[in-house]
Amino acid sequence: MANDRQNKDTRFIEMTSILKSSKIPGGVKPSEITDKQVYLNRRKFMQATAGLALAPLFQQAQAGYGNKPLTYDKSRYKVEDELTDYKDVTTYNNFYEFGTDKYSPAQRAQALTIDPWSVTISGEVEKPGTYTLEDILKPHALEERIYRFRCVEGWSMVIPWVGITLGDLIKRFNPTSRAKFVKFTTLYRPSEMPGQKRRVLEWPYVEGLRMDEAMHPLSILAVGLYGEVLPKQNGAPLRLVVPWKYGFKSIKSIVNISFTEQQPVSSWQQSIPQEYGFYSNVNPEVDHPRWSQKRERRIGEFLKRKTLMFNGYEKEVAALYEGMDLRKYY
Amino acid sequence: MSSRQLVLLKIIVFISCLLPLAWLMYALLLDQLGANPIEVIIRRIGEWGLQLLLITLCMTPLRDVVQQPWPIQIRRMLGLFAFFYVCLHFVSYLWLEQFFDWPEIVRDIIKRPFITVGMLAVLGLLPLAFTSTRKAQRRLGKRWKRLHQLVYPVSVFAVVHFFWLVKADLLKPAIYSLCLLALLGYRIYKHRLTRSG
C-alpha cells in the first residue's frame, strides 16, 4: 500500500518536473505539429460501414486551418492517441451561449467581438484589477498540450491545445490565504451571444475549481488549438482546459477569474444539481443519473472505447481526491 | 375521392415516408452527418418515429375536419411507418449505442427511466403492428379498437422518452408534448360530446 502510494507520488513529481522543464527554446511552426495524414484521415468507420470507394471524392480538402498561427513551445507532455480532425474539433461544439445544438456555435459565434478583451481578477487576491488579454498573457510562454477531452454526454476528442499553465498565472496575482476556490465567469453579451436570450441555463456561465485543482500543472488556460488562435466557437479568446474533468468544466470566453473562500456554484450545478456536481471528474464508475459513463465514443471512431478513470490522468490527479467519496462528490 | 386518387395518395404517402431514410443514407455516404454521425442516426430516426406516431394520431381529427374517409384509409400505412422507424431506432440503439452488449442493455433498460419508457413504447407497438391486417381487424372485431387504443400510452411513453433524454433545452420535447396533449385532448372532448349528446 505504502509503496503504491509512494509510486504514485514520484510519478506525479516526475510529471510536474517535466512540465516545469518544458520550455524548449524556439517556437514550432504550426505546419510541424500535425501530420496532414492525421486530419485528412476522415472517419474510419465510414469505410467500415459504407465501404464506399466514392467517399473520398467528397471530402473537403483542407489546405490550412484558417486562423492566425501562434508561436509556442512543444509540450513534452501529451497523449499518444490520434488527434481528432480539426474540422470536428471546430464544428462539433457545446457552447450554449450560441445555441444548444452542436453545429450552431461554429456559425453563430463568428459575430462575437473578442478584440478588445479584458479579464477581471477579483476576490481574495493581492493584485485585483481588470487586465487586457495582452497583459494577462504577456509574461507567459505559450505551450502546446495534447489532451483527451471527454464530454459528459459520452463522446470524446483528442485536442492539441495551445495555452499557459493556469497555476503560473494564478501565482502572479498572489491569492491570499483565504482563497480556497477559483471561480471563472464567461462573457455575458446577449447581443452577440444569442443563446443567452433564452434561459436554458443561468447566465452568465460560471465554473469553479478547488485551489489545488487550479494549481495542478495539467490545468491550463488555452488561447489556441492546432497551432492557431482559438476559433470563437471553441471559447476564444481565453478558455479553461481541465483534462480530467467533464468538458463543461472547461469554461469558455472567460472575463472574470475570482478567488473565493466559499465553493462557487457552477451553472450546471445550479440548473440540475442532482445530475451535475461541483467536481465532475471523469469517472467510469459513477454514472450520470440518466446514462452510463463506462464508455465513450471517440469522435471519428465507430466502436466505443472504455472511459478511463480521471480521463486517463489518474496517475497525475488521483492524489487530489484521496479519501474522498467520489460517488458523493460527483 | 376516387379509388384511383386513393392509390395515388397512398403512393405519395409511401414515398414521403421513405424520404427521410433516403436522405439519411445519402448524407451518411457523403459524410455529411457531421462529427458524430452515429448520434445523428440514432436521434433522427427516433425523432421521425415520434413524428410519424403523432401524424398517425392526426388522422382521426383530420377525418372529422375534411368529412372524408381518406385520412383513415392512409392511417394504417402511417402507423406502420411509425413502427418501422421506431424499430430502426431500437435496432440502432442495440447496435450502434450498445454493440449488442446484452447484460449492459438489460441494466440500461432497468436502471434508466428514459430507456425503460422507450422500451415500453416499442413493446406497445408490437401487437398493433401484428394486428394491423384487415384479417386481424375482422377476427378481433370490437376488441381490435380497444387493443389499438394502446397507441395513446405508447405516444405518451415516446414523448416522455424524448423529454427525459434531453440535457437542458426542453423546447423541442415541449412542442411534441403540446401536440400530443392537443391530440389526446381532442379525443377526450369528442368522447364527452358523444356521451352527453
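Amide H of A:Gly208: which non-local residues (sequence gap of 5 or more, or other chain) have their own amide H closer than 5 Å, using H built in the peptide plane?
Here A:Phe184 satisfy the definition.
Treat the count of other C-beta atoms within 10 Å as a stand-in for reagent exposure and order A:Val317, A:Val158, A:Val182 from fewest to most.
The fewest-first ordering by Cβ neighbours comes to A:Val158, A:Val317, A:Val182.
With charges set only on the Cβ (+1 for Lys and Arg, -1 for Asp and Glu), what does the dipole of the protein assembly as shown come to about its Cα centre, in debye to the nearest 20?
That gives a dipole near 2960 debye.
Choose one of B:Met119, B:Trp102, B:Ile72: the residue whose Cα lies farthest towards the positive end of the charge dipole of the stretch B:3-196 (beta-carbon charges +1 Lys, Arg; -1 Asp, Glu; about the Cα centre).
The residue sitting most towards the positive pole is B:Ile72.
Starting with the fewest neighbours, write out B:Thr194, A:Thr90, A:Thr113, B:Thr116 ranked by other beta-carbon atoms found within 10 Å of each beta-carbon.
Ascending number of Cβ neighbours within 10 Å: B:Thr194, A:Thr113, B:Thr116, A:Thr90.
What does the C-alpha gyration tensor say about the overall shape of the stretch B:3-196? Classify as rounded when a/c is under 1.5, otherwise prolate if a/b is larger than b/c, or oblate.
It is prolate, given that a/c is not under 1.5 and a/b is the larger ratio.
From the square roots a ≥ b ≥ c of the eigenvalues of the alpha-carbon gyration tensor of the stretch B:1-56, which class results: rounded (a/c under 1.5), prolate (a/b over b/c), or oblate?
Note, shape of the stretch B:1-56 comes out oblate.
Rounding to the nearest 20 debye, state how big the charge dipole of the stretch B:3-196 is about its Cα centre with +1 on each Lys and Arg Cβ and -1 on each Asp and Glu Cβ.
Dipole size: approximately 1500 debye.
Sequence-distant or interchain residues sharing an amide H contact under 5 Å with A:Asn256, placed H: which?
The list, which skips near neighbours in sequence, is A:Thr120, A:Thr185.
For the protein assembly as shown, with the dipole built from +1 on Lys and Arg beta-carbon atoms and -1 on Asp and Glu ones, taken about the Cα centre, which of A:Trp161, A:Pro204, B:Ala27 lies farthest toward the positive end?
With unit charges placed on the Cβ atoms, the residue in question is B:Ala27.
For B:Trp144 paired with B:Ala129, estimate the spin-label separation in nm (one decimal), with each label point 7 Å from Cα along the Cα-to-Cβ line.
A separation of 2.0 nm, rounded to one decimal place.
Can you give the angle from 0 to 90° between the axis of helix B:75-92 and the longest principal axis of chain B, with both taken from C-alpha atoms, to the nearest 10?
The angle comes out at about 10 degrees.
With everything on Cα atoms, drop me the angle between helix B:3-29 and the longest principal axis of chain B, reported from 0 to 90° to the nearest 10.
Taking Cα atoms only, the helix is inclined about 10 degrees.
Give a residue-ordered list of calculated ³J(HN,Hα) values for the stretch B:31-47 (Karplus: 6.51 cos²θ - 1.76 cosθ + 1.60, θ = phi - 60°; whole Hz; x for Gly, Pro).
Per residue, the Karplus-derived 3J(HN,Hα) values read 6, 9, 8, x, 6, 10, x, 5, 4, 5, 4, 5, 5, 4, 4, x, 5 Hz.
Going by how many other beta carbons lie within 10 Å of each one, how would you line up A:Tyr188, A:Tyr246, A:Tyr226, B:Tyr176, fewest first?
So the residues, fewest neighbours to most, are A:Tyr188, B:Tyr176, A:Tyr246, A:Tyr226.
Every number here is computed from the coordinates shown, using simple stated rules; none is lab data. Being a predicted model, the structure only gives us computed values, none of them experimental. Glycine also receives a Cβ, built like all others from the backbone with ideal geometry; neighbour counts cover every protein chain displayed.
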